[in-house]
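Some notes on the structure that comes next.
The values are calculated or read from the model by the stated rules, or taken from the named source; none is laboratory data. Note that the coordinates shown come from a computational prediction; the quantities given were computed from them, not determined experimentally. We place every Cβ from the backbone using ideal geometry, glycine too, and count neighbours over all the protein chains shown. The accessibility values were calculated without ligands, DNA or RNA, using every heavy atom of the protein model including side chains. Shrake-Rupley method; radii C 1.70, N 1.55, O 1.52, S 1.80 Å.
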Amino acid sequence: MDPAYSVILFTSSSGAGYGLLIWLAFTRLSGAWALSPMVAVIGCLVALALITTGLLSSTFHLGHPERAWRAMSQWRTSWLSREGVFAILTYPAALVFTAGWIWDAVPPIAMTLAASATLILSLVTVISTGMIYACLKTIPRWHNRWVVPVYLAMAIASGGLLFTLVLAASSAARQQTLILVMVVLLISWMTKWAYWRFIDRQEPASTTGTATGLGHLGTVSQLEAPHTSENYLLKEMGFSIARKHATKLRRMALNLGLLLPGIMLVLAGMSNGFAQLVLLSAALVLGLAGIVVERWLFFAEARHAVTLFYGRSL
Amino acid sequence: MTSLPKTTGKKLGLVTDLDICVGCHACAVSCKEWNAGGHSAPLTDTNAYGKDPSGVWFNRVHVYETDDGENTRTVNFPRSCLHCEQPACVTVCPTGASYKREEDGIVLVDAEKCIGCKLCSWACPYGAREYDADDGVMKKCTLCIDRIYNENLEESERQPACVIACPARARHFGDLGDPDSNISRLVERRGGYALMPETGYQPVNRYLPPRARKDQAGDTGTADHLDAAENVDSGHSFFNWLDKALSR
Ligand code: SF4
Ligand code: SF4
């Protein structure tokens, strides 16, 4: 599948935003960490900015951005529509939640409700994003049980890296917390590892022979393509990266996304003040870069059933 | 509405005979010609006369070679929308632009509602949807909805353009939901099959498989007097001579 930059940007940026909202709402509900209210507000605003950037990037990628509102209408059947509905519903909840940190007009009960709603809607939106891909039977490397957990885990992990900055700015980035974020990061990449293992062992259910129904006549290969140059189908769905490049990029994603941020978190645990802030920012930038590579691969490694008709394999 | 109708009154669709399709692309060209001015017009071409032309087509003709170790065969294979009974291209659409008609089962895109998110083309296993970057909307085969019900056309012309254009009569149109229709009987007789049943999309269109080769087909039903010329003794030495001379 063609790795379109708008979709990669959308899913990684809004994923990190929803992840941060999840950490902030969890903090508010559990009281696990003492945040300075002003910093919490800035954290919420950064999360909303990331989400909005992602949503706008995917909206402007549409053929008709001005009709985007129509995408809310088919939530009964379409995960893309559900994602849109949940993403929009998150805004009012998250805005009340943001204001509640510093504005007394929001009573505690409303703040608790808003935090709960923000937490749940953020989770559900990320799950819907994953389901858009996981429900496509045409792409076996997406249509499996690992896709949604990976989207969720990556969102929470990148949100966690952002959250460490919120903690540091509240002078609350203690060692145990950084270890917790490191564990979350590790779990997210273990989930991705499991996904890679799964797709590497997947047996293709269809071939050019079964797709054309001509398999009973012997091995089927394409003798002549229907068109002399690339068409929409091949540009959009025929993109596929060679295995040896994919292996290299997987290693790069792991280094950027897990190893280096892990080292930064360890160092940050041993420092404080400005040095800690710098180290945590480095962990964040590296972690996000790792996710962008991972997301690029998610598309580049996926093969679409239509390519069978062009004599390729899944 | 992207919710699918429980049943459709008719199941209009196409049957393509892979045994006699000669791969001339007449159906594809005629489809392009009609639809460039029809319901989904225009079907944009970019760089049509340049080095790297591309454009929107609803019908694409592949050519396959099959090889069983002893023999190879060439099979021409037109590919277009199969107007599936369980089309995920419709259910994934977030806007309701994609829909399946309850009355005849035709799968269409409402160009006024489509936002051009392309998700439906990802959901189609058969590559039947092509995005028109100029219009910013998705396009696909309409089963010539603007021909088959068109009262301005002669009755015999109320068929999809591809069916009319085919010089080999390899394409047929009709109601595949009615077991007594000519087209259903043809499918029955020739063992017509659906593409990729494993997807669960339940295509309406059928393909008729290439017939067995003559050497494997047993009695082909050819009348004796039409069999190979060497068996023929006309009783006339001149004709025998002529037959030999011409058979050389
Ligand atoms: S062939 Fe593709 S576009 Fe046509 S109905 Fe089936 S899934 Fe939809
Ligand atoms: S491209 Fe248009 S028809 Fe296809 S899913 Fe998106 S809105 Fe629906």
Interface residues, segment B:76-108 - accessible area loss of 20 Å² or more versus chain alone, probe 1.4 Å: B:Phe77, B:Arg79, B:Thr91, B:Val92, B:Pro94, B:Thr95
How much mean residue ellipticity at 222 nm does the protein assembly as shown get from its helices, if each DSSP H run of length 4 or more adds -39500 (n - 2.57) and you divide by all residues, to the nearest 500 deg cm²/dmol? -15000 deg cm²/dmol
In terms of the Cα gyration tensor, with a ≥ b ≥ c the square roots of its eigenvalues, is segment B:1-102 rounded because a/c is under 1.5, prolate because a/b exceeds b/c, or oblate? oblate
Specify the inter-centroid distance of segment B:10-28 and segment B:101-118, based on alpha-carbon positions, in whole Å. 23 Å
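Order of A:155-161, B:121-127 by packing, highest average Cβ count within 10 Å first? Intermediate results must be reported in sequence, preceding the final value.
Details: A:155-161: 28.1, B:121-127: 25.7.
In descending order of packing, they fall as A:155-161, B:121-127.
Can you pull out the buried accessible area for chains B and A, both sides counted, probe 1.4 Å, rounded to the nearest 100 Å²?
For B against A, buried area totals roughly 4500 Å².
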Peptide A:82-89 - average C-beta neighbours from other chains (10 Å radius): 1
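Using a 1.4 Å probe on the protein chains only, how many percent of the accessible area of segment A:5-310 belongs to carbon and sulfur? Kindly include the intermediate steps, with their values, before the conclusion.
Values: 9240 of 13050 Å².
Here it works out to 71 percent.
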Using alpha-carbon coordinates, inclination of helix A:175-201 to the longest axis of chain A, degrees: 10 degrees
At a 1.4 Å probe, what is the % contribution of carbon and sulfur to the accessible area of segment B:12-208? 45 percent
Given 10 Å bins starting at zero, what is the percent of C-alpha pairs of the protein assembly as shown in each, up to the one with the largest pair distance? 3, 16, 23, 20, 15, 11, 7, 3, 1, 1, 1, 0
Could you work out the percent of alpha carbon pairs in segment A:5-310 separated by over 35 Å, rounded to a whole number? 26 percent
Angle between chain B longest axis and helix B:26-35 axis [Cα atoms, degrees, rounded to 10]: 30 degrees
Whole-Å distance linking the alpha carbon centroid of segment A:1-79 with that of segment A:173-237 is 25 Å
Threshold 10 Å², segment B:27-63 residues less accessible with all protein chains present than alone (1.4 Å probe): B:Asp52, B:Pro53, B:Ser54, B:Arg60, B:Val61, B:His62, B:Val63
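Assuming a ≥ b ≥ c are the square roots of the Cα gyration tensor eigenvalues, decide whether segment B:12-208 counts as rounded (a/c under 1.5), prolate (otherwise, with a/b larger than b/c) or oblate.
rounded
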Name the long-range amide H neighbours of B:Val61: under 5 Å, sequence gap of 5 or more, or other chain; modelled H, no Pro or chain starts. B:Arg79
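Evaluate peptide B:192-198: per residue, the Cβ atoms of other protein chains within 10 Å of its Cβ; return the mean as an integer.
Details: counts 1, 1, 1, 5, 11, 2, 6.
Average per residue, whole number: 4.
Would you mind getting the accessible area per residue of the protein assembly as shown, heavy atoms of the protein chains only, 1.4 Å probe, in Å²?
Here the residues of the protein assembly as shown average 46 Å² of exposed surface.
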Extended-chain gain in nm, criterion 0.36 nm per residue less alpha-carbon gap, A:Arg201 and A:Ala242: 13.1 nm
Expressed as a whole number of Å, what is the distance separating the alpha-carbon centroids of segment B:136-180 and segment A:294-314? 32 Å
Quotient of Cα Rg and 2.2 N^0.38 Å for segment A:187-255, N being how many residues it contains: 1.54
Under the classification rounded if a/c is under 1.5, otherwise prolate if a/b is larger than b/c and oblate if not, where does segment A:175-314 fall, given a ≥ b ≥ c as square roots of the Cα gyration tensor eigenvalues? prolate
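How much FRET efficiency would the formula 1/(1 + (r/R0)^6) give for A:Ile42 and A:Trp193, where r is the Cβ-Cβ distance and R0 is 30 Å, rounded to 0.05? Could the numbers behind the result be given before it?
Numbers: r = 34 Å, r/R0 = 1.13.
In this case the efficiency is close to 0.30.
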